[in-house]
Amino acid sequence: MATVLGIATALLLASATKVEQSFPPLEVQGTTYQNACTAPERSELRRELPHEAHELIETLLCASKTPARKAYLKQHVTPNVNAEYSGSGQEDLQEVLQGDDELLDHLMKAGEAWQVTTTVTDEQIEVMFFVNEACVQSRSLRLDQGKWMLYGLGAGCD
């Protein structure tokens, strides 16, 4: 019995290490940012977010782009999503996007999110994160009849 538990423990540790390795840190001008999908960063997000919003945020930042995760996300995206884009030396752009499969694919970062910050009120959540060395993205959620819904996104690059 002890051998079986030892093997099971070793397998769990090996798989946990593999998962952590698949979410590397991001280096920006000598500063290291931890990936949002590592166990410590996920725990921190759980502490910051309302319980009902955590799965949605984790799906947006960390989930693989599977049909099941996209179906879950589709239930939490408003039919029209406000988008704002900005870049150094460019005019800001605003548009309204349809909540279609292409948008769902774009919304899901699948582990490509670093240095996450959140602003949380009773009815709104703003999530900001790096997607690479030069670009920051945001996701805006609001509580609508007891359900967290994504209604906005933003992106800015240097």
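The values are calculated or read from the model by the stated rules, or taken from the named source; none is laboratory data. This is a predicted model, so every value here is computed, not measured. Cβ coordinates were reconstructed from backbone atoms using ideal geometry, including for glycine residues, and neighbour counts include every protein chain displayed. Each accessible area value is taken on the protein alone, full model and side chains, heavy atoms only, with ligands, DNA and RNA left out. Shrake-Rupley method; radii C 1.70, N 1.55, O 1.52, S 1.80 Å.
Among the residues of region 144-158, count how many are within 15 Å of Val81 (Cα to Cα) and surrounded by 15 or more Cβ atoms within 10 Å (Cβ to Cβ).
Matching residues across region 144-158 total 8.
Suppose we filter region 47-69 for residues that are surrounded by 12 or more Cβ atoms within 10 Å (Cβ to Cβ) and either among the aliphatic types (A, V, I, L, M) or under 13 Å from the mean Cα position of the chain (by Cα) (or both); how many remain?
Total satisfying the criteria: 14.
Taking the stated definitions as given, is Gly152 under 17 Å from Tyr33 (Cβ atoms) and either part of a loop (DSSP other than H, G, I, E, B) or in contact with a Lys or Arg (Cβ under 8 Å, 6 or more places away or on another chain) (or both)?
In short, no.
Can Glu95 be described as of a type in the set (Asp, Glu), part of a strand (DSSP E or B) and open to solvent by 40 Å² or more (accessible area, probe 1.4 Å)?
yes
Considering region 116-139 alone, what residues qualify as being part of a strand (DSSP E or B) and more than 16 Å from Ser86 (Cα to Cα)?
Across region 116-139, the qualifying residues are Val116, Thr117, Thr118, Thr119, Val120, Gln124, Ile125, Glu126, Val127.
Of a type in the set (A, V, I, L, M) and touching a helix residue (DSSP H, G or I) at 6+ places or on another chain (Cβ under 9 Å): is that true of Val96 in this structure?
No; evaluated as a whole, the condition is false for this residue.
Please go through (1) touching a residue at least 40 places away in the same chain (Cβ under 8 Å); (2) more than 19 Å from Phe130 (Cα to Cα) for Glu55 and return the number of the only condition it doesn't satisfy.
(1)
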